[in-house]
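Presented below is the structure to which this report refers.
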Amino acid sequence: MTHASDNFVAVIAILVVFGMPLAYAIAHRWWSHQERLEMIRRGITPPLDPRAARRAERAGYNPFVYSGSTAPPYAGTDPSSGQYPDRVLRKGVTISMIGLALLIGLSFIDPGRPGPWLLGGLIPLFVGLAQIILALMSGAHLGGWTLLGPPPVQPHTMAPPPQEGPYGWRPGTTTELEPPVRPPDVR
């Protein structure tokens, strides 16, 4: 027979084990947000949020290097650019290989017959294959080929016609690059 005090102790234990860390996380996020807002109100640029820095770094943007260009901070992650489908292709190959490894490992559970445990390997395998197909349809390059065929040859990348002479074709004269502008002296 359980008493009400036993249930009360169990409820308090669950609240302490799960509720206290959750309450701390919520309070910490709220205080951090309030601190950032107050810094902005006072004209201070707040430091970069570590979570935002990690997201930007995964997207291919290093927030700690200022390039001075006018490109958007997440340049190259646009699905219309060539870099995004290649990343999706790489992720798809990784996920499908993990799924294949799980499928092979789980097939040793009962070698005589397949069972529902094989779904642990089949699901990531087919998710990875779907990502590979979508990446190829989006224009990812797989050894110079896409699902649409070989890339077209651009006129500026074709070799110029051979010229007469002892050395064949040579590029024309090139101008020397100007050195970059030096930063102003700050004292």
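General remarks:
- Any pair with Cβ under 8 angstrom, 6 or more apart, that starts in the range 28-54 at a residue that is on the phi < 0 side of the Ramachandran plot and ends at one that is of a type in the set (Asp, Glu): 36/49; 46/35
- Any chance residue 126 is assigned to a loop (DSSP other than H, G, I, E, B), assigned by TED's automatic domain parsing to the domain that holds residue 93 and either among the charged types (D, E, K, R) or at pLDDT 60 or above (or both): no
- Annotation note: Cβ proximity below 9 Å between a residue of the range 103-125 that is touching a residue at least 12 places away in the same chain (Cβ under 8 Å) and of a type in the set (A, V, I, L, M) and a residue that is in a loop (DSSP other than H, G, I, E, B) and loosely packed, with under 14 Cβ neighbours inside 10 Å (sequence gap 6+ or interchain) occurs for 106/115; 118/109.
The values are calculated or read from the model by the stated rules, or taken from the named source; none is laboratory data. Nothing here was measured: the structure is a model prediction, and the numbers come from that model. Positions of Cβ are generated from backbone atoms using ideal geometry, with glycine treated the same way; all protein chains shown enter the neighbour counts.
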